[in-house]
Amino acid sequence: MSASKEYNIVVGGHACDLGSNKHNMELSEKRAQAVVKYLLSKGVNNAYVGSNNYGEDKPAVPNTSETNREKNRRVEWEVAKVKK
């Protein structure tokens, strides 16, 4: 990925429903930015890396148990080929 300009990477940070919405947005942003920093440290060109923070707005599973909340504290990333 570091040598290729054919792909865009979008990192999405997520959080569970514990805490305020503001706090969860901040947590999800920190999660996403940690992955972006890692990718940049490995030589991925920052022109091709972006991030979104979703807070608690896009849970993978319902926040009905601690096990599910753990699954919602995550980072996902999408790699898309640049259209020419």
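Assorted remarks:
- C-alpha long axis of helix 21-41 to longest principal axis of the chain, angle in °: 30 degrees
- Mean silhouette area of region 36-77, derived from the convex hull of its C-alpha atoms and averaged over all directions, reads 3.5 nm².
- Cβ-derived FRET efficiency at R0 22 Å, residue 77 paired with residue 22, nearest 0.05: 0.40
- Working note: 222 nm ellipticity from helices only, DSSP H runs with n ≥ 4, each -39,500 (n - 2.57), summed and divided by the residues of the chain, gives -10500 deg cm²/dmol to the nearest 500.
- Taken over region 1-46, the percentage of Cα pairs per 10 Å bin, counting from 0 up to the bin with the maximum distance, is 27, 39, 22, 11, 0.
- Expressed in units of 2.2 N^0.38 Å, where N is the residue count, the Cα radius of gyration of the chain is 1.20.
Any read-out appearing in this document is the output of simple, stated calculations on the displayed coordinates, not a laboratory observation. For clarity, every value in this text was computed on a predicted model and none was experimentally measured. Virtual Cβ from ideal backbone geometry, glycine too; neighbours counted across all protein chains shown.
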